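Written below as structure tokens is the structure these notes are about.
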Amino acid sequence: MQAYQREFIQFALERGVLRFGEFTLKSGRVSPYFFNAGLFDSGLALAKLGRFYAQALMDSGLSYDVVFGPAYKGIPLAATTAVALAEHHQRDMPWCFNRKEAKDHGEGGTLVGAPLAGNVVIVDDVITAGTAIREVMQIIQAQGAQAAGVLIALDRQERGTGALSAIQEVERDFNMPVISIVSLQQVLEYLAESAELKQYLPAVERYREDYGI
Ligand code: OMP
């Protein structure tokens, strides 16, 4: 685990973004942990979050033309990533987002910001079963743009429809990488190292046996 990944997990724990308990996921799976990116809910937290996303994106070496935040939750994530790329990595990249409903006045349409064209990096929070990200791919394809990759905070490393992880299926189906700041593997390592949080390790390991890859 890299230093910034450990720092990120610590930051998510401090903000109550990463929590342990019993949570029913969108997929219907009942998980002993949950990552709620909506709780990076202050200016400083959002600024710090953007720096982690930007760092993971830079480390990946991915080449892309535009940063895209899918509505709703991806919008502030893409915005803060674009700010951090400009402020900390000298990369002033175009960015844009979509509305869920088209507007027929003013600027019109469903897309706001830079043109959604060329190679697009999608910024989102979490991938579990891959449903949300497949919907986003339709938006990119409808514009005639190409997805260069997906950037997320947490890869839960869960199975998709077959033996592969949901993320591996997305990578295979759309021929692009999924980059994450951390994956469940690093969360497990962090738990194993923490006297205070070690108590949650058995439940998370059991969950991984049931739904993980
Ligand atoms: P999939 O569509 O199954 O990949 O689930 C991803 C979505 O589930 C995310 O965009 C979140 O809305 C939500 N989610 C979380 O935010 N955090 C989690 O730890 C787990 C989920 C989830 O429901 O699977």
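The values are calculated or read from the model by the stated rules, or taken from the named source; none is laboratory data. Just so you know, these numbers come straight off a predicted model, no measurement behind them. Cβ atoms come from the backbone with ideal geometry, glycine included; neighbour counts cover every protein chain shown.
Worth pointing out:
- Residues of the range 55-80 that turn out to be under 11 Å from I122 (Cβ atoms) and within 16 Å of the ligand (Cβ to nearest atom), as a count: 6
- For the range 189-198, the set of residues classified as under 15 Å from P32 (Cα atoms), surrounded by fewer than 19 Cβ atoms within 10 Å (Cβ to Cβ) and hydrophobic (A, V, I, L, M, F, W, C) consists of L197 only.
- Note on the range 112-132: residues that are under 20 Å from the mean Cα position of the chain (by Cα) and over 16 Å from V170 (Cβ atoms) total 2.
A quick yes/no check of all residues on (1) more than 22 Å from A54 (Cα to Cα); (2) among the hydroxyl-bearing types (S, T, Y):
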site	(1), (2)
R156	no, no
T161	yes, yes
S165	yes, yes
Q185	no, no
L188	yes, no
A192	yes, no
A195	yes, no
Q199	yes, no
Y207	yes, yes
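- Check on L18, within 12 Å of the ligand (Cβ to nearest atom) and of a type in the set (A, V, I, L, M): yes
- Hits in the range 55-74 - residues which are touching a strand residue (DSSP E or B) at 6+ places or on another chain (Cβ under 9 Å) and over 21 Å from A129 (Cα atoms): Q55, A56, L57, D59, S60, L62, S63, Y64, D65, V66, V67
- Among the residues listed as I152, I139, I181, I167, the single one being more than 13 Å from the ligand (Cβ to nearest atom) and either within 20 Å of Q2 (Cβ to Cβ) or of a type in the set (D, E) (or both): I181
- Looking only at the range 113-158, residues that are farther than 24 Å from D59 by Cβ and polar (S, T, N, Q) come to 4 in all.
- Hey, S31 more than 10 Å from the ligand (Cβ to nearest atom) and small (G, A, S) or not: no
- One residue alone among A148, A153, A102, A129 is surrounded by 15 or more Cβ atoms within 10 Å (Cβ to Cβ), outside any helix (DSSP H, G or I) and modelled with pLDDT under 95, and that residue is A129.
- When the strands (runs of 3 or more DSSP E) confined to the range 1-80 are screened for residues that are surrounded by 18 or more Cβ atoms within 10 Å (Cβ to Cβ) and out of contact with any helix residue (DSSP H, G or I) (no Cβ under 9 Å at 6 or more places or on another chain), those reaching at least 1 such residues are found at 66-69.
- Residue count for the range 105-126 satisfying the condition of being exposed (fewer than 12 other Cβ atoms within 10 Å of the Cβ) and within 16 Å of the ligand (Cβ to nearest atom): 0.
- Selection within the range 160-179 - over 19 Å from I140 (Cβ atoms) and under 18 Å from the mean Cα position of the chain (by Cα): G160, S165, Q168
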